[in-house]
Amino acid sequence: MGDVAIKVEGLGKRYRIGERVPYKALRDSIAGLFRSPLKFLNRGDGKGDDYIWALRDVSFEIRHGEVVGIIGRNGAGKSTLLKILSRITEPTEGYAEIHGRVGSLLEVGTGFHPELTGRENIYLNGAILGMRKKEIDRKFDEIVAFAEVERFIDTPVKFYSSGMYVRLAFSVAAHLEPEILLVDEVLAVGDASFQKKCLGKMGDVAREGRTVLFVSHNMGAVARLCKRALWLDKGKIVKDGTADSVISQYLTKGTETEGEVLWKDGIANPGVKELKIFHVRILTDDHRVGSVIDVRKPFIIEIDYRTYVSLPYCRVGFLLSTVEGIPVFEAYDTDNIEFPQGRDPGEYRVRCEIPANLLNPGNYILSVNAGMPNFKNFAFLEGLLTLRVEDTGAVGSHMYRERQGVIRPKLKWECHKDGCRFLSS
């Protein structure tokens, strides 16, 4: 047990749909126990349509110094698990043991008081972690420099932008030397350079022998940082193993392989009340549904959706990634200037043609998303379809060596014999 940093046994968290759980102090719980002892003891079995289990029967151990990625689709229970480990919420069943000082970054500004300045929040967070003032003094300049908020360190954080907030929050969590660091997908808030900087810092933390739990949809980042990964799905652990093997199975298993997904029930369709998606399919060059693509020929991504209200600005598109989680490219229907950006209520079909000789042979993952940028996300269907690009006598295939890179575009070349001057040394 001395080598174990986190031990989770039979952990479960149940929520009642539509129930608002107010903040309860210890005195409230004790008073409730004396007022209604039978109700306190009989919490029910959680069965029925009005209950949902965010986590159920989750068990694992993480040893000191391990860097573990937690992956899974939206709603799989990843954030709930970290909230229980951070003591933000209590489990419905089972238990979790933490051996070491925990620093967590679960959402923008976790643990920050909006009325306090950046400087005051640094000392507040350090005190919460049980650090002495001298320890915080020693790390203070490094924290501020990493967060790049020197000019605003004595400004109340309620005036910070979301980027400034998350930079300082991450810097505090990573630099105040917690023995266990819990990081959620909050890093997605920052820009690309900041994300790269944070990933580098988490790598440093890992090399120092501290324990890291990292929740992310960025499979490339998980693969680089973590040797081990846990795959959560519908509140349960599907796979626990090496990061490479778990990521590979996660990105390929459970996705459709026939090139098409159709939802018939408008209520259960992915989306929100403003917009729902009905049909996504991959069409080969002869307009047949299929997931195997000839590299020499174009193919089409087709998305059917319905809007229920007038939307002044809306875009629907997709992200194509490798099975390792590396983004290849992202495309939206609004990329075409002539396409109307507003949407009246009605049914729509958008089609995007991917040219021939663009993708290298291999397997790819298609994710679909829809929303109003910087305002509201309507749907994100991660890993919805898989497709395979095959090299069947394509240009350049007579060369025995495979081409490097994700894409292999057929570019325009010119060759001139007469009029050229060849130089030699």
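Counting the residues of region 142-166 that are modelled with pLDDT of 90 or more and over 13 Å from G118 (Cβ atoms) gives 1. The residues listed here are G235, G200; of these, the one that is farther than 20 Å from I365 by Cβ, free of Cβ contacts under 8 Å to residues at least 12 places away in the same chain and either open to solvent by less than 30 Å² (accessible area, probe 1.4 Å) or not hydrophobic (A, V, I, L, M, F, W, C) (or both) is G200.
Taking region 394-404 as the range and being surrounded by 10 or more Cβ atoms within 10 Å (Cβ to Cβ) and either at pLDDT 80 or above or farther than 28 Å from E258 by Cβ (or both) as the test, the residues that pass are V395, G396, R403.
Given the criterion of a type in the set (A, V, I, L, M, F, W, C), modelled with pLDDT under 80, over 29 Å from G10 (Cβ atoms) and open to solvent by less than 10 Å² (accessible area, probe 1.4 Å), identify the matching residue among A192, A221. Can you show your working first?
Details: A192 fails: open to solvent by less than 10 Å² (accessible area, probe 1.4 Å).
Being of a type in the set (A, V, I, L, M, F, W, C), modelled with pLDDT under 80, over 29 Å from G10 (Cβ atoms) and open to solvent by less than 10 Å² (accessible area, probe 1.4 Å) holds for just one of A192, A221, which is A221.
Residue count for region 264-290 satisfying the condition of being modelled with pLDDT under 85 and surrounded by 15 or more Cβ atoms within 10 Å (Cβ to Cβ): 1. Counting only strands (runs of 3 or more DSSP E) that sit wholly inside region 298-393, those with at least 2 residues that are modelled with pLDDT of 90 or more, open to solvent by less than 70 Å² (accessible area, probe 1.4 Å) and within 30 Å of R224 (Cα to Cα) are 315-322, 327-332, 362-372.
Could you check region 116-144 and list, in sequence order, the residues that are outside any helix (DSSP H, G or I) and over 19 Å from F159 (Cα atoms)?
At the first step, the residues of region 116-144 found to be outside any helix (DSSP H, G or I) are 116-117, 129-132.
Within region 116-144, L129, G130, M131, R132 qualify.
Where in region 3-113 are the helices (runs of 4 or more DSSP H), entirely inside, with at least 3 residues that are open to solvent by 60 Å² or more (accessible area, probe 1.4 Å) and modelled with pLDDT under 90? Even if it seems obvious, please write down each step before you answer.
Details: elements: 26-35, 37-41, 78-85.
Ranges flagged: 26-35, 37-41.
Select, from A174, A206, A169, the only residue that is open to solvent by 10 Å² or more (accessible area, probe 1.4 Å), modelled with pLDDT under 85, over 24 Å from G10 (Cα atoms) and in contact with a helix residue (DSSP H, G or I) (Cβ under 9 Å, 6 or more places away or on another chain). One residue alone meets the criteria, A206.
The values are calculated or read from the model by the stated rules, or taken from the named source; none is laboratory data. Remember, it's a predicted structure, so these values are computed and weren't measured experimentally. Cβ sites come from the backbone with ideal geometry, for glycine too, and all protein chains shown count toward neighbours. Just so you know, the surface numbers come from the protein's heavy atoms only, side chains and all, with ligands and any DNA or RNA stripped out. Shrake-Rupley method; radii C 1.70, N 1.55, O 1.52, S 1.80 Å.
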